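For reference, the structure discussed in these notes is given below.
The values are calculated or read from the model by the stated rules, or taken from the named source; none is laboratory data. Keep in mind that this is a model prediction, so the values were computed, not measured. Cβ placement follows ideal geometry from the backbone for every residue including glycine, while neighbour counts extend to all protein chains displayed.
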Amino acid sequence: MYARWTTLIAAAGLALAAAGCAANDTGPVAGFDGSWTISKRGVVASTPEPLTRAAADAANAHCVALGKRFRHVDLKESPPGLLSAHAESELKFACD
């Protein structure tokens, strides 16, 4: 019984640790000015370039689903560093 609880606790700890390293994203989120934003956060020690590419692909797909064309408005990229081990990319776009 003790070994079973130990294994269960170890598995739960490993799952929580892996979730902390997992990539996540938001979007598309509607802005007040008619724009949209997609934010992506990479896994530990990743670079922002693939995140930006994925955000642009998702933005384009969103606009196509609306029957409109993608237009880039703003981009903010953050490489991993001292304050965060994760790269981040935030793409603001409009569908015209």
TODO: Go through (1) part of a strand (DSSP E or B); (2) on the phi < 0 side of the Ramachandran plot; (3) modelled with pLDDT under 95 one by one and return the number of the condition GLY27 breaks.
DONE: (2)
Open item on the list: Could you go through segment 53-68 and let me know if any residue there is touching an Asp or Glu at 6+ places or on another chain (Cβ under 6 Å), within 14 Å of LEU91 (Cα to Cα) and modelled with pLDDT of 95 or more.
Closed with: no
- [ ] Just need a number here: residues in segment 24-35 that are more than 15 Å from the chain's Cα centre (by Cα) and surrounded by 11 or more Cβ atoms within 10 Å (Cβ to Cβ).
- [x] 2
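Does THR7 fit the bill of being of a type in the set (S, T, N, Q), surrounded by 10 or more Cβ atoms within 10 Å (Cβ to Cβ), assigned to a strand (DSSP E or B) and at pLDDT below 95?
Against the criterion (of a type in the set (S, T, N, Q), surrounded by 10 or more Cβ atoms within 10 Å (Cβ to Cβ), assigned to a strand (DSSP E or B) and at pLDDT below 95), THR7 does not qualify.
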Open item on the list: Just the residues that are among the small types (Gly, Ala, Ser), outside any helix (DSSP H, G or I) and surrounded by 14 or more Cβ atoms within 10 Å (Cβ to Cβ), please, taken from segment 36-78.
Closed with: SER39, GLY42, SER46, SER78
TODO: Please specify each residue of segment 50-84 satisfying the condition of being without any contact (Cβ under 8 Å) to a residue 12 or more places away in the chain and at negative phi.
DONE: PRO50, ARG53, ASP57, ASN60, ALA61, VAL64, ALA65, GLY81, LEU82, LEU83, SER84
